[in-house]
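Here the structure is laid out as structure tokens; the discussion comes afterwards.
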4 protein chains.
Amino acid sequence: MAYNLLKGKKGIIFGALNDKSIAWKIAEKAYEEGAEIIISNTPLAIRMGEADALAAKCNTIIVPADASNVNDIENVFNVAMQHFGGKIDFLLHSIGMSMNVRKSRPYDDIDYDYLNKTLDVSAISFHKMLQTARKLDAINDWGSVVALSYVAAQRVFYRYNDMAEAKALLESIARSFGYIYGRDKKIRINTVSQSPTLTTAGSGVKGFDNLVDFTERMSPLGNASADECADFCITLFSDLTKKVTMQNLFHDGGFSSMGMSQNAMLQYNKSLDCHSCD
Amino acid sequence: MAYNLLKGKKGIIFGALNDKSIAWKIAEKAYEEGAEIIISNTPLAIRMGEADALAAKCNTIIVPADASNVNDIENVFNVAMQHFGGKIDFLLHSIGMSMNVRKSRPYDDIDYDYLNKTLDVSAISFHKMLQTARKLDAINDWGSVVALSYVAAQRVFYRYNDMAEAKALLESIARSFGYIYGRDKKIRINTVSQSPTLTTAGSGVKGFDNLVDFTERMSPLGNASADECADFCITLFSDLTKKVTMQNLFHDGGFSSMGMSQNAMLQYNKSLDCHSCD
Amino acid sequence: MAYNLLKGKKGIIFGALNDKSIAWKIAEKAYEEGAEIIISNTPLAIRMGEADALAAKCNTIIVPADASNVNDIENVFNVAMQHFGGKIDFLLHSIGMSMNVRKSRPYDDIDYDYLNKTLDVSAISFHKMLQTARKLDAINDWGSVVALSYVAAQRVFYRYNDMAEAKALLESIARSFGYIYGRDKKIRINTVSQSPTLTTAGSGVKGFDNLVDFTERMSPLGNASADECADFCITLFSDLTKKVTMQNLFHDGGFSSMGMSQNAMLQYNKSLDCHSCD
Amino acid sequence: MAYNLLKGKKGIIFGALNDKSIAWKIAEKAYEEGAEIIISNTPLAIRMGEADALAAKCNTIIVPADASNVNDIENVFNVAMQHFGGKIDFLLHSIGMSMNVRKSRPYDDIDYDYLNKTLDVSAISFHKMLQTARKLDAINDWGSVVALSYVAAQRVFYRYNDMAEAKALLESIARSFGYIYGRDKKIRINTVSQSPTLTTAGSGVKGFDNLVDFTERMSPLGNASADECADFCITLFSDLTKKVTMQNLFHDGGFSSMGMSQNAMLQYNKSLDCHSCD
């Protein structure tokens, strides 16, 4: 069901790999809600993923870009403004990658080149997008920018490794640039802190399924899906949320406000009661 | 411009006094977005305010109720279910009152009967609504409940007095009941922490104008208006935010994430530079 | 081992029931660190507990008081000032009680008279102490006040019931009065958010042992004991923390900053793996 | 007045430039409290500052090190363990530097090489210290690590620029490594979020005096001094705070919990009232 919430709006979606991606769902929903969009991702992700299918579905083009490369980003904005014949109204950043996670480097034995790469790709890329957009004056007044984050920015999750630092940095950039861009152009910047989601990226983390089981039982509404996240992001891109800025918004079925739920405790208790488990 | 975001939904709006009230704006917008609503307020507020005009505008009825009285609340829900021929989908709590503020009792000389009244009317009333709704099974699954709060729940504002405690209590109730109602019926409960707003209630606080000047300069997007707050609440009542619960959502132009802005500092500096002021 | 950290200081300890009580440990440590103290508790707690033994150990007197009764509190301060020949330097509030918990009223079927009692005894009593102290000018400049809290003020813990609201209210009072008392008399007010502790009160909560097992595995340093909490409170009463105020300080082995630990996850996984458990 | 709180303890202090530095005060206090310490700073800071005088005062040695260089850090720990004949018990990180601030690059026109340098020197250096210490097993069980931070990690302060991101990153590292080091060796890691302080570094920021005036009036206890910060850090290094970990502890006279104080408002009002200022 569509409401035409984004009718006439134009946006750029960074980070849609395949139809499990949150960014993919957001692209679809934005299109359904009346927006025109442009899709961007790394050349590798475009080759390995299914961006073509998404572009076809959303009747648009793909602009390859390494989001840590300012020239590439500049190109995306320039192509977008030419394509749309004007500025954009919204922007999604859904990018994260850690070589320390991929290579299973424990957090007390990380590689610092990998860490720099993690921060550059997953967080500083967001600043580069914003600074580039600001210089090119590429976003209309009262535009809306969203980046996807995770509660690991506030609390430690075993195995999330240096992605925790990337998300903390990302959220700080959202606040800092949210001040500047809000003051100067009325553009708002928020992060959405989403439930653990079984995307291609998420599935790669060892033990991810069991964590998802735990958060499902802890969250009174259950984990939020990629589809539901897309719905929420649409509201943030719409004209109904113009004064929400510099916030980290939890979209997680309540997980972030839970200490212990009945369901999670009952499950945990089984581990204590069942002696054959030992 | 309307999107039919609340088409087919039914709700109860507590706390609309006159056309400056945030609840009033929310009632209007909900109606514009396709909802059917019922209005409730205290008999005194109904007499002194303009609820009749609102009811006419929204083509609905008014049900008088003292929100701290469980029987009155029960009656509102019963009347609503009869009126709608079924359960409701959303609920707004926009109620606050402090005799300690009205009587200018300083925070270190408050009257404890007044304090009890402040907490009862401004916060415990929210629990009473929720517990009553739960007992009557008056809200549909995946319904949405919002209460209006203020950043004084987190930080001290000179003169806000025991309303700070009321808001802290209100937000705690939103979390606690959000867990229960989410787990059992998939109903979400959030608070919206709104900019200081020149409602009839707000205007009564001494020195309020100067505080509003300060927060306007501190907030990169400026203070949020009652109209904008209504827009935001509509998204929270819609089906696009189903997994947001137990959150306190700042709708404040960025104020809550500010330490010091250029605009506020420039204004403050005048006070330091201008010696004729002393 | 003692450091004379509180040499020459005088304080009042509210809420020591028996030698499992955190307040009891704080009284002992304060005395060891050179302070003179006075003990207060309800007449019932004094009769049922072992306050006499504590008073003997700390070479002091007991002053019975219902902490929700302003006259009783006034009497405690007056007796203390007479006993010490002057004002006090520190104050501990370690009081909490919920009839809704005791009577196992579920959170969506609480009794509102019980709720009022919970808030009055567990939180408003703190305001009453502070307002009474302020009126009697009973605390020396740069004095220190601590109240014990729990992370349920921020996150929902199944079964903690309306004590969550009491703790949220308590922490708000600490901030609000911390502003007033800081500005006027340089007195600081903080809350200490302590691990779940096997005191007589704690042990009464059903399923408490299993929760303690979980938090023990979640907290990298394990749960904090009553003894350790006492150590921490001593630093807050000392002259080394003069500029810490209006804070909620987590003393919990790291629990509050954890999302998921290896130890808790390993234990939880057992519940998923062991099919004989089902 | 000394309490022998750190008697028998050994520590390393990074970042003492001159007698205005917070790290300098912490070194002095630690020594007065019975600790043996070693001082480290960059070769440039040692040359420009007064480290020799501090070393003489604390009867110790200086080990030059670039804190972003793992080899240098390794050397510091090795020299320290040789000097002390064993492991250390505490560690202070008081290091921050931004070329974007120094060169007055606005936040929407920062240089990304500078940003990398800011993060590397001001935050990643902390991870490098911890990872190196962990590998060398250089810290005794139940040791304590503190890094100095600033509230700009949570809220935007005009002109603080990319140091906000550095502090957010620093606090995230404290949490992440606090989990690892706590779980494995019972070592705690916290950050202290200190009032703006008129150190050599602080004084370099344009408009700093006026911000300090504002925070002084906002904080009920006034800004915290470097001396007071040192007192607080001593408690964190002592055995009395063993279960406090992964926390960001505000030492700021209450500023972080303030929304608006009477004193700041009165001053601000002058700017509004005095028309000759315009």
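The values are calculated or read from the model by the stated rules, or taken from the named source; none is laboratory data. As the structure is a computational prediction, the values presented were derived from the model and not from experiment. Every residue, glycine as well, gets a Cβ built from its backbone with ideal geometry; the counts of neighbours run over all protein chains shown. Heads up: the accessible areas ignore ligands, DNA and RNA and are worked out on the full protein's heavy atoms, side chains in. Shrake-Rupley method; radii C 1.70, N 1.55, O 1.52, S 1.80 Å.
Observations on the model:
- D:D113-B:Y112 FRET efficiency (beta carbon distance; Förster radius 41 Å; 0.05 resolution): 0.10
- Rel. contact order, % - alpha carbon contacts under 8 angstrom, at least six apart, chain B: 18
- Solvent-accessible area of C:M265 with every protein chain in place, 1.4 Å probe, in Å² to the nearest 10: 20
- On Cα atoms only, tilt of A:226-237 relative to the major axis of chain A in degrees: 40
- Nearest-first distances (nm) between copies at A:I61, label 7 Å from Cα via Cβ: 6.0, 6.5, 8.8
- Dipole magnitude (debye, nearest 20) for the range C:10-272, charges at Cβ of Lys, Arg, Asp, Glu: 460
- Whole-percent carbon and sulfur share, accessible surface of the range A:1-106, 1.4 Å: 47
- Angle between chain A longest axis and helix A:262-273 axis [Cα atoms, degrees, rounded to 10]: 40
- Solvent-accessible area of B:M260, all protein chains in place: 10 Å² (probe radius 1.4 Å, heavy atoms, ligands and nucleic acids excluded).
- Summarising the label geometry, the points placed 7 Å from Cα in the beta-carbon direction at B:V79 and D:L136 lie 7.6 nm from one another.
- Entries in C:K25/C:K128; A:K103/D:K135; A:K206/B:K186 that, when Cα-Cα distance is taken, lie over 22 Å: C:K25/C:K128; A:K206/B:K186
- Taking C:K186, C:K243, C:K167 in turn, the Gaussian network model of chain C (Cα-Cα springs below 10 Å) assigns the largest fluctuation to C:K243.
- Legend: mean number of C-beta atoms from other chains within 10 angstrom of residue C-beta atoms, peptide D:221-233, equals 4.
- With each label modelled as a point 7 angstrom along the Cα→C-beta vector, the B:D227-D:D227 pair spans 5.6 nm.
- Nearest-0.05 FRET efficiency for A:R47 and A:R102, computed from C-beta distance (R0 25 Å): 0.85
- Buried area at the A-D interface (accessible, heavy atoms, 1.4 Å probe, summed, Å²): 2900
- All Cα-Cα distances of the protein assembly as shown, cut into 20 Å bins from zero to the largest, leave 12, 44, 37, 6, 0 percent in each bin in turn.
- Built from the Cα atoms of the range C:26-177, the convex hull projects on average onto 9.6 nm², one quarter of its surface area.
- Of the residues C:V70, C:A23, C:I180, the one whose Cα sits farthest towards the positive end of the charge dipole of chain C is C:I180 (charges of +1 on Lys and Arg Cβ, -1 on Asp and Glu Cβ, taken about the Cα centre).
- Förster-model FRET efficiency, 30 Å R0, A:L272 and A:D209, C-beta, rounded to 0.05: 0.90
- Closest approach of any chain D Cβ to the axis that rotates D onto B belongs to D:S271, 2, distance given in whole Å.
- Partner chain coverage, peptide A:160-171 - average Cβ within 10 angstrom: 5
- Average other protein chain Cβ within 10 Å of Cβ, residues D:141-152: 1
- Taken per residue, the accessible surface of chain D reaches 33 Å², heavy atoms only and a 1.4 Å probe.
- Degrees between helix A:208-218 axis and first principal axis of chain A (Cα, 0 to 90, nearest 10): 80
- When only Cα pairs below 8 angstrom with a gap of at least 6 residues are kept, the range D:163-264 shows a relative contact order of 38 percent.
- Label-to-label distance, D:N18 versus A:A56, with points set 7 angstrom from Cα along the beta-carbon direction: 6.9 nm.
- Cα-only Debye scattering, the range D:10-272: base-10 log of I(q)/I(0) at q = 0.17 Å⁻¹: -1.38
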